[in-house]
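The values are calculated or read from the model by the stated rules, or taken from the named source; none is laboratory data. Just so it is clear, the model here is predicted, and its values are computed rather than measured. Positions of Cβ are backbone-derived with ideal geometry, glycine not excepted, and every protein chain shown enters the neighbour counts. The accessibility values were calculated without ligands, DNA or RNA, using every heavy atom of the protein model including side chains. Shrake-Rupley method; radii C 1.70, N 1.55, O 1.52, S 1.80 Å.
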Amino acid sequence: MRTAIVTGEYHIGGETFINRHIQHLFGGDTVVVCGRFHGSNPYDKAWFARREKPTTADLLTAPYWMMRNRILHNTSRLPFGRAKRDLTTFLRDQKVELILAEFGTQALAMAPLANELNLPIFTYFRGTDASKAIQTERMREAYRRMMPRLAGVFSVSQFLLDNLARHDIRHPNSVVIPSGVDVRRFVPGQKQPLSCLAVGRFVEKKAPLTTLRSFAEATRDLPHARLDFIGDGPLLAPAQALAEELGAKERVIFHGSQPHDFVRGKLATAQFFLQHSITAANGNTEGLPTAIQEAMACGCITVSTRHAGIPEAIDEGKTGWLVEEHDADGFTTAIGRAMQATDTGGMASLARRIAEERFDNDVLLKKLETHIRATLA
């Protein structure tokens, strides 16, 4: 079933969930529609970039189309003029049979055109698009108008569907399917005692300073405890300064941004995975962090927060510990409790087993395909 995968940017190596769909959905019978093309096409797919430089005629008519689309759809994201004509030609020439918009914001741009071309369109909510994006009534209303145009909605967590529903944004054909992890590649290795790992951008939503401070306090009397940070971002320099201020510089390593294989290697040997996710001031939340699913597959014991879809993955006291957002003292206590646990081996094995049962991306991909086929039957 030839599918157009719609995404904002192509290609981004870190978007493993989108790249998996591009590579493997319906046997890899896919094309890509992106907002911007970055010059890399590792999967050798036919692609179309929506945000090419507009023609002079399109610039002249842009105010009309933007106003019209705002009135009809409550958004000005829709393509018009040459961009719309060329995209229509691309979809027809590629014999596209359905559209999967990765992120609800991408579906806003594509749903009316999909309806015009009689192409079924689905969307996948993953985090920002069902949290930060709906902070304004304008965007909430745009989503409400979009929903009847969709054949179905997928989400990585029930939390995101509930968050949308709180604003009366619903679709009767909504299904939770996590992004998943390759449980054949992400496997436990030889665990290093008292080793901790944190993976993610150094941004407010990940609260890296809280993670660092809690680790330093929880392991003050454990000189062999180590914390590896993988990631980059605006809070990296402050985190490095804080590590020195706390006297933890020798026990904390900042690796910066690293390839996925490097992350996989660190997860294999880490005993504990730390992630103090919070709701950012702008409303941005996680969906269900892929890093936590990967950590579980590698047999890591997770210490995190009751945030977004994380409680849907972690069984408290069995595969990890969770605290409330911003509860720094509680996070410190939870890290200490994890390191003092008497059955870390059993917890690690259970985390791995649950990852195999809930987050095997081969199984989840088939579930996605089956649900799409059933919807269109």
Label points 7 Å out from Cα along the Cβ direction at R85 and I177: separation in nm?
3.6
How would S304, S174 rank on accessible area, largest to smallest, probe 1.4 Å?
S174, S304
Going down the list K84/K366; K191/K367; K45/K367; K132/K249, which pairs span over 30 Å between their C-alpha atoms?
K84/K366; K191/K367; K132/K249
I'd like the orientation of helix 104-116 relative to the chain: the angle between its Cα long axis and the longest Cα principal axis, in ° from 0 to 90, rounded to 10.
20
On full extension of the chain, what length is gained from I71 through S349, given 0.36 nm per residue of separation minus the C-alpha to C-alpha distance?
94.6 nm
Checked region 240-321 against the a/c 1.5 cut and the a/b vs b/c comparison, axes a ≥ b ≥ c from its Cα gyration tensor; verdict oblate
Suppose every K and R has +1 on its Cβ and every D and E has -1 on its Cβ; what is the size of the dipole of the chain about the Cα centre, in Debye to the nearest 20?
1140
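Suppose every Lys and Arg Cβ carries +1 and every Asp and Glu Cβ carries -1, with no other charges. What dipole size does region 88-247 come out with about its Cα centre, to the nearest 20 debye?
Numbers: 20 positive and 17 negative charges, 64 e Å.
Magnitude of the dipole: close to 300 debye.
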Does a label point 7 Å from the Cα of A237, set along Cα-to-beta-carbon, have any residues of region 249-281 with amide nitrogen under 20 Å, and which are they?
249, 253-258
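Can you compute the helix-only [θ] at 222 nm over the chain? Use -39500 (n - 2.57) per DSSP H run of at least 4 residues, normalise by all residues, nearest 500 deg cm²/dmol. Please report the intermediate quantities before stating the final value.
Values: 13 runs with 154 residues, N = 377.
Only helices count here, giving -12500 deg cm²/dmol.
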Charge-dipole axis of the chain as Lys and Arg at +1 and Asp and Glu at -1 on Cβ define it, positive-most pick from W47, T211, A225
W47
What's the angle, to the nearest 10 degrees (0 to 90), between helix 56-73's Cα axis and the longest principal axis of the chain?
70
Considering only H326, Q275, A313, whose Cα is most displaced toward the positive end of the charge dipole of region 222-377, charges sitting on Cβ of Lys, Arg (+1) and Asp, Glu (-1)?
A313
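With a 1.4 Å probe and all protein chains left in place, how much accessible area per residue does the chain have, in Å²?
Numbers: 16270 Å² over 377 residues.
Ligands and nucleic acids excluded, the figure is 43 Å² per residue.
Under 1.5 on a/c is rounded, so check that first for region 68-179, then, if it is not, pick prolate when a/b is larger than b/c and oblate when it is not; a ≥ b ≥ c are the square roots of the alpha carbon gyration tensor eigenvalues. Walk me through the numbers on the way to the answer.
On the way: a/c = 2.20, a/b = 1.41, b/c = 1.56.
Because a/c hits 1.5 or more and a/b fails to exceed b/c, region 68-179 counts as oblate.
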Cβ-defined net charge surrounding Y124, 12 Å radius [Lys, Arg +1; Asp, Glu -1]:
-1
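At a Förster radius of 30 Å, what calculated FRET efficiency corresponds to the Cβ-Cβ distance of Q340 and V363, to the nearest 0.05? If you can, show how the numbers build up before the last one.
Numbers: r = 35 Å, r/R0 = 1.16.
After rounding to 0.05, the efficiency reads 0.30.
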I want the local charge near K205. Using Cβ-Cβ distances under 13 Å, sum +1 for each Lys or Arg and -1 for each Asp or Glu among the other residues.
0
Taking a ≥ b ≥ c as the square roots of the Cα gyration tensor eigenvalues, with a/c under 1.5 meaning rounded and otherwise prolate when a/b beats b/c or oblate if not, region 193-271 comes out oblate
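Could you give the length gained by full extension between K53 and A328, i.e. 0.36 nm per residue of separation minus their alpha carbon distance, to one decimal place? Walk me through the intermediate numbers first.
Values: separation 275, 0.36 × 275 = 99.00 nm, distance 4.78 nm.
Between K53 and A328, full extension yields an extra 94.2 nm.
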Expected output is a single nm value to one decimal: the length gained when fully extending between D315 and H224, i.e. 0.36 nm times separation in residues minus the C-alpha distance. What is it?
30.0 nm
Quick check: net charge around F331, other residues with Cβ under 11 Å of its Cβ, Lys/Arg +1 and Asp/Glu -1?
-3
Accessible area, 1.4 Å probe, largest first: how do L197, L117, L209 sort?
L209, L117, L197
Longest principal axis of the chain (C-alpha) makes with the long axis of helix 344-358 (C-alpha) an angle, in degrees to the nearest 10, of 10
